[in-house]
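The values are calculated or read from the model by the stated rules, or taken from the named source; none is laboratory data. Everything quoted here is computed from the prediction, not taken from an experiment. Every residue, glycine as well, gets a Cβ built from its backbone with ideal geometry; the counts of neighbours run over all protein chains shown. Areas reflect the complete protein model, heavy atoms only, side chains present, ligands, DNA and RNA absent. Shrake-Rupley method; radii C 1.70, N 1.55, O 1.52, S 1.80 Å.
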Amino acid sequence: MDLFQIMHVKSPALSPDQIADRLSAFLLRLRQQKARAKAAADPASPQHHDEGFFGQEDEDDPELSWRDGRRIQRRAKSLYDRQLAHSGLAHLKREDRDRLKPLEPGVRLARIPHEHRADEWAAALHAEMPWMAPATDLAWRAMRRSARSGDRAFRLPPMILDGPPGIGKTHWAARLGQLIGTESTVVDATGEAASFSVVGCQRGWSNAQPGRLLELVLAKRVGNPVMVIDELDKVGTPTSNRGVAFSLAEALLPLLEPATAAVWTCPFYRVRFDMSFVSWVLLTNDVARLPAPLFSRCNVIRLQEVRLEDLQGFAERQGVAAGLSETSIAAIREALTRTAVKRGARPSLRTVQRMLLLASDLEARPRAM
């Protein structure tokens with residue numbers, strides 16, 4: 001598999017102990033060679049000392065002494081520190097370097113192999129959620145374009161899905177990630193600390209930590225996940241006691257542009273990463289509340305309420321996929337119809353998913369003897 005180098009830095013290839021082992025082996029071989037050469041040239045020659053790379057040593061005794069070991073350890077540490085200083089990781093503690101080390105070989109990327117596969121995936125997504133057709137159409141065109149260009153990874157152009165709650169915006173984004181073979185995660189913008197939750201927080205704060213984006217990359221070793229930010233229009237702008245604002249929308253701006261995302265610096269680790277292949281799906285109920293800079297960087301897709309027949313079709317497809325009986329599926333369809341005719345009630349995709357889960361639990365319970 002062709003791995004993608006997502007980190008702009010790399011730790012030294014050898015640890016101080018490994019460097020010391022190599023230096024010890026080199027010095028031992030060097031002394032043994034000199035001892036053999038000396039014996040061959042003049043077996044009766046007296047002992048003499050030689051000032052070498054590692055200091056003054058007795059050539060007639062090729063074995064390494066305790067003093068040799070101390071010198072080698074000091075030199076190994078010096079060499080390691082020089083490499084570390086040039087790696088861009090010298091400012092991190094050892095546990096932080098160990099945390100990032102699994103990313104050094106690279107991460108996997110999900111790609112669109114050919115246009116036919118893009119057509120298949122888009123058709124599957126549309127068949128499952130036809131009311132999300134405007135979003136699916138944009139994703140379909142992006143997948144075909146990626147396949148035609150031979151891109152090493154698929155990146156969905158940043159999009160804002162604006163529409164009423166409960167129509168399946170989150171489910172659509174997660175399903176897209178599943179179809180193309182990448183990971184996805186959902187960040188509730190109203191329940192977390194603004195930009196800290198997504199991009200991370202600088203050290204020195206009590207809640208300093210890497211963001212959800214980097215945590216997902218570290219956990220799944222994937223370079224182009226689908227990041228879903230829910231309720232973005234409802235998030236505020238927290239301000240520190242020094243008057244510094246931390247807006248999630250503003251923190252997202254450099255990650256939405258491929259050029260700046262390619263050299264994005266994690267505030268927590270202070271290390272550069274190439275996040276240019278990450279797909280961003282921003283969810284809102286009132287897009288007018290978003291700051292203007294987001295509109296120039298995102299495709300805005302406005303979605304409508306889900307029709308009853310679409311919800312019933314979704315329930316039937318999901319029920320069949322889950323192995324539910326025809327009786328349970330019919331009961332769900334009937335329940336949705338009754339809910340829809342009630343005054344002031346509107347079934348949503350969340351309603352359907354709760355019904356499917358309940359039906360699955362009921363069918364799985366033990367039968368009475």
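Observations, loosely collected:
- Of the GluC sites (Glu not before Pro) in region 277-369, those whose Cβ has at most 15 other Cβ within 10 Å and which sit in DSSP loop: E305
- Take every pair of alpha-carbon atoms less than 8 Å apart whose residues are at least six positions apart; their mean separation over the length of region 116-165 yields a relative contact order of 32 percent.
- Å² per residue, accessible surface of region 276-345 at 1.4 Å: 55
- Taking a Cβ cut-off of under 12 Å around P130, the surrounding Lys, Arg, Asp and Glu residues balance to a net charge of -2, with basic ones at +1 and acidic ones at -1.
- Dimensions (Å) - region 71-154, Cα atoms, principal axes, largest first: 70, 25, 14
- Close amide H partners of V187, meaning residues 5 or more places away or on another chain with modelled amide H under 5 Å apart, are V228, I229, D230.
- Charge dipole magnitude, Cβ of K and R +1, D and E -1 - region 125-177, Cα centre, debye nearest 20: 280
- Environment charge of G223, counting only residues whose C-beta is closer than 15 Å and scoring Lys/Arg +1, Asp/Glu -1: +1
- Of the residues I6, G177, A153, the one whose Cα sits farthest toward the positive end of the charge dipole of the chain, with +1 on the Cβ of Lys and Arg and -1 on the Cβ of Asp and Glu, is G177.
- Region 312-319 - phi-based ³J(HN,Hα) in whole Hz, Karplus 6.51/-1.76/1.60, Gly and Pro as x: 5, x, 4, 4, 5, 5, 5, x
- Other residues whose C-beta falls under 14 angstrom from the C-beta of T327 contribute a net charge of -3, scoring Lys and Arg +1 and Asp and Glu -1.
- Across the chain, the mean sequence separation of Cα contacts (distance under 8 Å, 6 or more residues apart), normalised by length, yields a relative contact order of 18 percent.
- Using alpha carbons only, the radius of gyration of region 284-337 set against its Kirkwood radius gives Rg/Rh = 1.27.
- Tail beyond 18 Å, pair distance distribution of region 98-231 (Cα, percent): 60
- Taking the Cα centre of region 291-345 as origin and assigning +1 to Lys and Arg Cβ atoms and -1 to Asp and Glu Cβ atoms, the resulting dipole is close to 300 debye.
- Proximal lysines to K101, defined as alpha-carbon separation beneath 20 angstrom and excluding residues fewer than eight positions away on the same chain: K10, K77, K93, K220
- Rounded percent of accessible protein surface that carbon and sulfur make up, region 113-184, 1.4 Å probe: 51
- Pairwise Cα distances in the chain exceed 33 Å in 50 percent of cases.
- The H on the amide N of L14, modeled in the peptide plane, is under 5 Å from the matching H of no residue at least 5 residues off or on a different chain.
- Peptide ranges 27-35, 352-360, 181-189 listed from the most packed, as the mean C-beta count within 10 angstrom indicates: 181-189, 352-360, 27-35
- When only alpha carbons are used to place a centre, region 113-131 and region 274-324 end up 15 Å from one another.
- Region 81-173, dipole about Cα centre (Lys/Arg Cβ +1, Asp/Glu Cβ -1), debye to the nearest 20: 380
- Residue-wise HN-Hα coupling along region 281-295, computed from phi with Karplus coefficients 6.51, -1.76, 1.60 (Hz; x: Gly, Pro): 10, 9, 10, 9, 9, 9, 5, 5, 7, 7, x, 4, x, 5, 5
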